[in-house]
Amino acid sequence: MEDLPPNAITSPGVINELRKYADPRLRYWGEFLSVASPSPKALETVRIAAEGSGDDARLSPVDMEVLALALDLKATLLTDDYSIQNLACVLGVKYQGVGFREIKKVIIWKYRCKGCGKVFDKNQQDCPICGSELRSTRSRG
Ligand SMILES: [Zn+2]
């Protein structure tokens, strides 16, 4: 599961969607997230920009709400949605991918030797092959 940056903020529509689909991210992120609504002016700006770029057909009202909020707050938008990223670009809103597609995978920690690069399932004092330090690494299973 990805970590949220500090002071993460989202719109009420996103919270509703996460609730609707009983998304586990809500439970994980709930305590870190602040919720705020965008201004009507920002929403209008986003709607006009979406029509102009042709993204309006692919964007839900919630997508536009989030974009408007990022515009209002001059915040970096966390999204993997291509249409949202495209419109963010048009609006001059900074965005960053979050790897949502990876999120359902389980993270399994493994231990890789700094010396010879051999990977072990369990942590050990040092590498039984070359004696170097082991470093934890995550492998997705
Ligand atoms: Zn080694």
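Quick note: the coordinates plus some simple rules give every number you see, no bench work behind them. Just so you know, these numbers come straight off a predicted model, no measurement behind them. Don't worry about glycine lacking a Cβ; one is built from the backbone with ideal geometry, like all the others, and counts go over all protein chains shown.
Could you put Glu133, Glu65, Glu17 in order, starting from the residue whose Cβ has the fewest other Cβ atoms within 10 Å?
Values: Glu133 11, Glu65 21, Glu17 15.
Ranking Glu133, Glu65, Glu17 by Cβ neighbours within 10 Å, fewest first, gives Glu133, Glu17, Glu65.
Around Ala57, with a cut-off of 14 angstrom between Cβ atoms, what is the net charge of the other residues, counting Lys and Arg +1 and Asp and Glu -1? Don't skip to the answer; put the middle values down first.
Working: positive: Arg47, Arg58; negative: Glu51, Asp55, Asp56, Asp63, Asp81.
Neighbourhood net charge equals -3.
Provide Trp29, Trp109 in ascending order of the number of other Cβ atoms located within 10 Å of each residue's Cβ, fewest first. Kindly include the intermediate steps, with their values, before the conclusion.
Details: Trp29 18, Trp109 11.
So the ranking, lowest neighbour count to highest, is Trp109, Trp29.
Note the per residue figure in Å³ for the convex hull of the C-alpha positions in segment 9-101. It would help to have the intermediate numbers written out before the result.
On the way: hull volume 8.5 nm³, N = 93.
Hull volume normalised by residue count: 92 Å³.
Can you give me the relative contact order of segment 9-101 as a percent, contacts being Cα pairs under 8 Å and 6 or more apart? Don't skip to the answer; put the middle values down first.
Numbers: 107 pairs, mean separation 25.1, N = 93.
Dividing the mean separation by the residue count of segment 9-101 yields 27 percent.
Once you put a point 7 Å from the Cα of Ala57 and another 7 Å from the Cα of Glu17, both along the Cβ direction, what distance in nm separates them?
2.0 nm
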